[in-house]
Amino acid sequence: MDRPNLALEALRKLITGEMLSRSRTNVVETRAFTERPDASIARYHSNALTTAEVLQELIRLAKEIRASRQRVQEQGLAQEEVPFTTRCLRMRAPFR
């Protein structure tokens with residue numbers, strides 16, 4: 001890759017844009033997904049991660065976002081039902 005920093009910034013902007021569009025319907029999921037790229041970028045700026053490692057983390061996050069969207073479509077949930085379902089699933093997880 002000729003310019004990894006440009007790829008890193010482009011991927012971060014795409015993820016941030018996706019999260020902004022979701023923020024109107026699912027605040028819980030948006031909060032969870034938006035904190036991760038910021039943390040990765042902060043670790044990159046402190047030289048704790050390489051550009052390739054940050055790109056891998058952001059790609060993994062993008063795949064999780066896509067999987068989340070597909071789960072919603074497969075379950076046939078309305079947009080209004082998604083935040084409630086997400087919150088219930090997150091509350092239930094510690095009890096497993």
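The values are calculated or read from the model by the stated rules, or taken from the named source; none is laboratory data. Every value quoted in this text rests on a predicted model; they were computed, and no experiment measured them. Note: ideal-geometry Cβ built from the backbone for every residue, glycine included; neighbour counts use all protein chains shown.
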Completion exercise
Within segment 36-61, the count of residues that are under 18 Å from the mean Cα position of the chain (by Cα) and without any contact (Cβ under 8 Å) to a residue 24 or more places away in the chain comes to 9
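Of all residues being more than 18 Å from the chain's Cα centre (by Cα) and either part of a helix (DSSP H, G or I) or of a type in the set (Phe, Trp, Tyr) (or both) in segment 65-77, which is modelled with the lowest pLDDT? Just the residue, please.
Applying the filter and picking the extreme gives 75.
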Exercise for the section: Go through (1) closer than 21 Å to residue 17 by Cα; (2) at pLDDT 85 or above and name the single condition residue 80 misses. Expected result: (2)
Completion exercise
Checked against (1) in a loop (DSSP other than H, G, I, E, B); (2) at pLDDT 75 or above, residue 25 satisfies every condition except (2)
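Conditions tested, residue by residue: (1) out of contact with any strand residue (DSSP E or B) (no Cβ under 7 Å at 6 or more places or on another chain); (2) at pLDDT 85 or above; (3) surrounded by fewer than 11 Cβ atoms within 10 Å (Cβ to Cβ); (4) among the aromatic types (Phe, Trp, Tyr).
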{"residue": "33", "(1), (2), (3), (4)": "yes, no, no, yes"}
{"residue": "48", "(1), (2), (3), (4)": "yes, yes, no, no"}
{"residue": "54", "(1), (2), (3), (4)": "yes, yes, no, no"}
{"residue": "63", "(1), (2), (3), (4)": "yes, yes, yes, no"}
